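The values are calculated or read from the model by the stated rules, or taken from the named source; none is laboratory data. Bear in mind the structure is a predicted one, so any value in this text is a computation, not a measurement. Virtual Cβ from ideal backbone geometry, glycine too; neighbours counted across all protein chains shown. Quick note on the areas: whole protein, heavy atoms, side chains included, nothing else; ligands and nucleic acids left out. Shrake-Rupley method; radii C 1.70, N 1.55, O 1.52, S 1.80 Å.
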Amino acid sequence: MAETETKLISFTLNGQKLSVPAGTLVIEAAKQAGIEVPSFCYYPGLALQAACRMCLVEVEKQRKLATACTLVAEDGMVVHADTPAVHKARKDMLEFVLTNHPLDCPVCDKGGECELQDMTFTYGIDHSRFIEEKLHYPEEKWSPIVFYDAPRCILCFRCVRVCDEGMDVKALGVGARGVTSVIIPNESGQLACEECGMCIDICPVGALTSGTYRYQTRPWEMKYFGTACAHCSNGCKTTLSIRNNEILRANNRDHSGINGEFLCAKGRFGYDFTTNAERIRQPLVRKGGTLQPASWEDAIEEIARRLKQAHDTHGAAAMGVIGSNHITNEESYLLNRFARTTLGTNNIDHHRTADYAGLATALGSKAKDSMATMAQIEGASAIVLIANDATQQNPLVAWQIRAAVRHHAAHLYIIHAGPLKLQRQAAQSVDVPAGAEGRAVGWLATGSGDLGGKITGELEKFKEALAKEKDVVILFGANVRGAAVRNLVKFGSGLSGQTRYMSLGDYSNSRGAADMGVFPDRLPGYAPLSDANERGRWGKLWGKEIPPKPGVNARQMMQAALEGKLKALYVVGANPLKTFGVKAPDKIAGLDLLVVQDMFMTETAQRADVILPAASTYEKDGTLTNTAGEIQMVRRAVDAQGPRSDFDLLRILIHQLAQLGLGAAMKHRTPEAVLEEIRQNVRGYDVSIAGLLTGGTEQATSAPAAADGSYDVAADLVFSSQDDLFTSGTLGRYCSKLNSTKESKERPWSSSPTTQSWWSR
Amino acid sequence: MASVVKEFFRTFVILYKGFKVTFITMFKKPTTENYPAEPVHFQARYRGIHVLQRDENGLEKCVACFLCAAACPANCIYIEAAENTADNRISDADRYAKVYNIDYSRCIFCGYCVEACPTDAITHGHGFELAPYDINAMIYRKEKLLEPWPPPKATPRPSTPSPVGATR
């Protein structure tokens, strides 16, 4: 925000002396002072409209009433919001709004949480003087998830503005004039857009309704659970509406959490995987070549027995564990304990969707002040986006970038291969060949690198422009990894102002898995395995010594399994066969035992010897860490019918194996207890528990004690799964509502121009 | 002597007062009903087992607005709503009640639901024989509460006494 706006002015509202920063709107000042000024069309963060005229107030020495939403408070101004004239104006405006509004509240989805209903009760009228027939238009289906009922529309244009300004999609417009105005979608009665559903959420009445929720229940019949979204790594808070142990809706109308009211299509409509018919609901054990239902006791017994057998015959080096980008921090932590002490192996890894370890080791002790939060993106004066299509892969990051550019005139700089929608906001954009982003960063840091004269010239200007910025946030995707991250940090720390970094991963707890040390060579908090002190500390905590030899990574594990060197593989919430493109026949030849904990019959699960059905993020308690390191609590909003949480499964198995002589038993029974252990022991996780319990976020800044100049990672280990707005790895396949939109059939990075949508470019 | 006459009169007055109602009622038509041997007579506004009404086309009047459930002080109404489609049209509006249960082990027959109903879909009928052997049988489903369609010929309506058992 500009410095000049901090000057205070004072004015009188309802006889109350108010002191506000110059430039404050009267409606905002009233809100802060607790004085009610009603409005429909005014919406913080969106352009002023003054269309509904509900906020009329009386200003002394002005003949006519003024709209408080466009009235800037001036020094010495005297405003009245509680006079007979104002009350009459509100009543009359409501009567106008209601001229065409149908009285179908009993069947309207908004009934019970409708702003027009509330206003009518508060200020309104119990009769209408209009005898003219109401205008009627049939309901329109704009997409499988957006419906428009024109008669209910009160023409506040919030939807049009949020689609244009907030989302930068511009899919909605106003058609016709005056009383016959209607909202029209962009493609002859149909929507072609990002299907974010922001228009539905922002609609004050029931004109825009959600195809996934409509006509199922009423707002007061549901219970509301604030939790974090299960899909991408941005960790938007989502409020799940529950009835009868079923999620009926997801939104964030209370503006709580890091995302305010923002949610993308996945967060808003991608919750129905929990009730998908293909969900595995009981343990399966392979008997005579086929997977057959088994009891929990038998399945656990089988796993424990065969793990012990494999461990005793082939040794700990023949065991492997693949972790998940979706399970909670507590579960990743337990999995780490399970691998390193129970199985006694360092063969533990996961699909790394961003080089979090690279950033942490490059920053070292500087991590605490150098990791950006989602809010800091909006506050930054310059944003650098490297190798990531944030609009598609990190929708909240893109939303924050747009807000920064729109509200605070921040400058956006992009280094990316190919066109991006965010280039519309960019001050400068450098198009580099795919895969050369790391080299471009290297050029920025060292001035050397073979990139061609044109790109080098552009990067030169890029560097010059950035040197003038005060507060820079650098966002980078998976293609910036290993040495490139170190170069980036070197370049960033050379800038004159404050520089913060954010590594952009793919899944809901990608960052958490990394922070919890699901690596063959790193312990929780990125503590190096080679450090004997760290090994000793964690070994003492987990009741058994940690072997010093680093394990093999995920790709090597899959290769070893094919070659018969790995005998037992334990997979939790991951699909390594698909992720790493492993070609395997029905059974992975070398493996004696493949255990999979998952929700669905993935490619990996199909080849498993034992499958344990796992609960989803919405069905368990724990914490997730988003890509910015912000920790949030997730809550058990619905009960899983059959499956159990990964936490429970691991806890039971650790006990079972401890009885057979592998590892030590653990005393913790709940995720809360393990969170406590994490807070006390994982570097950077010593956050306030109160902040988490009250539904807020706390930033974790996990990093090793000292920066490590030699940390490098193979290029084929850190890679993005290239999920877009409508895909979410394996989980996305089971979101039928999300997949019902026509946009979900298109792939934004498809090379064919006919399938590229103008709205996403 | 005078005291005897006085006593006689006082006794007579007391007896008259005591038996006045008895004597008057003795010659009136009895108000008791010979239930269950004979049908029961109801006042028109008697609040009995609910009836879910249909409109003149046989469509259900209930639009699943949940207002009855919201008004219910005993919390005994349970509804699940669903959308009407062209090939499955149940009510006249956009939605209908897929499930509509009333738990008569909780219902206190206060009539708030009837008062709350914006479409006059739920009304009180004159049924009252609720006692079952199994408490689960006291949860009445929509199928049991709905007015039959097509209407049975010459349905005895509340004005005429209906035979026990067929009472609504």
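Is it the case, given these coordinates, that B:A82 is outside the structural domain of B:Y104 (by TED's automatic domain parsing), closer than 30 Å to B:A121 by Cβ and either of a type in the set (A, V, I, L, M) or out of contact with any Lys or Arg (no Cβ under 8 Å at 6 or more places or on another chain) (or both)? Spelling it out, it is not the case that B:A82 is outside the structural domain of B:Y104 (by TED's automatic domain parsing), closer than 30 Å to B:A121 by Cβ and either of a type in the set (A, V, I, L, M) or out of contact with any Lys or Arg (no Cβ under 8 Å at 6 or more places or on another chain) (or both).
Does at least one position in segment A:89-99 carry a residue that is at pLDDT below 95, of a type in the set (S, T, N, Q) and out of contact with any Leu (no Cβ under 7 Å at 6 or more places or on another chain)? Yes, the conditions are met somewhere in segment A:89-99.
Here B:R89 qualifies as touching a Leu at 6+ places or on another chain (Cβ under 9 Å), more than 11 Å from chain A (Cβ to nearest Cβ), free of Cβ contacts under 8 Å to residues at least 40 places away in the same chain and not acidic (D, E).
Scanning segment A:376-394 for residues being assigned to a helix (DSSP H, G or I) and open to solvent by 10 Å² or more (accessible area, probe 1.4 Å) gives a total of 4.
Among the criteria (1) assigned to a helix (DSSP H, G or I); (2) within 30 Å of A:A417 (Cβ to Cβ); (3) open to solvent by 30 Å² or more (accessible area, probe 1.4 Å), the one A:L359 does not fulfil is (3). When restricted to residues that are under 19 Å from the mean Cα position of the chain (by Cα), under 23 Å from A:D104 (Cβ atoms), in a loop (DSSP other than H, G, I, E, B) and more than 14 Å from every other protein chain (Cβ to nearest Cβ), segment B:28-66 contains 1. Can you tell me which residue is nearest to B:E143 (Cα to Cα) among those in segment B:41-53 that are open to solvent by 30 Å² or more (accessible area, probe 1.4 Å) and in contact with a Ser or Thr (Cβ under 8 Å, 6 or more places away or on another chain)? My answer is B:Q53. Within this structure, B:A69 passes the test of being free of Cβ contacts under 8 Å to residues at least 60 places away in the same chain, outside any loop (DSSP other than H, G, I, E, B) and open to solvent by less than 30 Å² (accessible area, probe 1.4 Å). Applying the criterion of being basic (K, R) and without any contact (Cβ under 8 Å) to a residue 60 or more places away in the chain to the residues of segment A:88-125, the residue that is nearest to A:R158 (Cα to Cα) is A:R90. Going through (1) hydrophobic (A, V, I, L, M, F, W, C); (2) open to solvent by 10 Å² or more (accessible area, probe 1.4 Å); (3) part of a loop (DSSP other than H, G, I, E, B) one by one, A:A354 falls short only on (2). Just to be sure, is B:I135 more than 10 Å from chain A (Cβ to nearest Cβ) and either touching a helix residue (DSSP H, G or I) at 6+ places or on another chain (Cβ under 6 Å) or surrounded by fewer than 20 Cβ atoms within 10 Å (Cβ to Cβ) (or both)? So B:I135 fits the description; yes.
As a summary of the residue check, A:F157 satisfies the conditions (1) among the hydrophobic types (A, V, I, L, M, F, W, C); (2) more than 14 Å from chain B (Cβ to nearest Cβ); (3) open to solvent by less than 20 Å² (accessible area, probe 1.4 Å) except for the one numbered (3). Residues in segment A:160-202 that are crowded, with 17+ Cβ neighbours inside 10 Å and within 14 Å of A:I145 (Cβ to Cβ): 13 in all. Residues in segment B:54-66 that are surrounded by fewer than 18 Cβ atoms within 10 Å (Cβ to Cβ) and either more than 17 Å from B:T123 (Cα to Cα) or in contact with a Ser or Thr (Cβ under 7 Å, 6 or more places away or on another chain) (or both): B:N57, B:L59. The strands (runs of 3 or more DSSP E) falling completely within segment A:244-328 that include 3 or more residues that are open to solvent by 10 Å² or more (accessible area, probe 1.4 Å) and without any contact (Cβ under 8 Å) to a residue 24 or more places away in the chain map to A:290-293.
From the list A:A410, A:A426, the one residue that fits, being free of Cβ contacts under 8 Å to residues at least 60 places away in the same chain, open to solvent by 20 Å² or more (accessible area, probe 1.4 Å) and over 21 Å from the mean Cα position of the chain (by Cα), is A:A426.
Would you check if there is a residue in segment A:197-211 being touching a strand residue (DSSP E or B) at 6+ places or on another chain (Cβ under 7 Å), more than 14 Å from chain B (Cβ to nearest Cβ) and polar (S, T, N, Q)? Within segment A:197-211, not a single residue is touching a strand residue (DSSP E or B) at 6+ places or on another chain (Cβ under 7 Å), more than 14 Å from chain B (Cβ to nearest Cβ) and polar (S, T, N, Q). Would it be correct to say that A:E464 is free of Cβ contacts under 8 Å to residues at least 12 places away in the same chain and surrounded by fewer than 19 Cβ atoms within 10 Å (Cβ to Cβ)? Considered against the rule, which asks whether it is free of Cβ contacts under 8 Å to residues at least 12 places away in the same chain and surrounded by fewer than 19 Cβ atoms within 10 Å (Cβ to Cβ), A:E464 comes out as yes. Considering segment B:72-86, and only residues there that are in contact with a helix residue (DSSP H, G or I) (Cβ under 9 Å, 6 or more places away or on another chain) and open to solvent by 20 Å² or more (accessible area, probe 1.4 Å), the residue that is nearest to the other protein chains (Cβ to nearest Cβ) turns out to be B:Y78. Can you pull out every residue in segment B:121-131 that is modelled with pLDDT under 95 and either of a type in the set (S, T, N, Q) or in a loop (DSSP other than H, G, I, E, B) (or both)? B:F128, B:E129, B:L130, B:A131, listed by residue number. Considering only residues that are hydrophobic (A, V, I, L, M, F, W, C) and more than 16 Å from A:C105 (Cα to Cα), look in segment B:98-117 and name the one that is nearest to the other protein chains (Cβ to nearest Cβ). So, considering only residues that are hydrophobic (A, V, I, L, M, F, W, C) and more than 16 Å from A:C105 (Cα to Cα), the one nearest to the other protein chains (Cβ to nearest Cβ) is B:V99.
Residue count for segment A:337-348, restricted to those that are within 13 Å of A:L523 (Cβ to Cβ) and in contact with a helix residue (DSSP H, G or I) (Cβ under 9 Å, 6 or more places away or on another chain): 5.
Please tell me if A:R177 is among the basic types (K, R), under 30 Å from A:N739 (Cβ atoms) and without any contact (Cβ under 8 Å) to a residue 60 or more places away in the chain. Criteria not met by A:R177.
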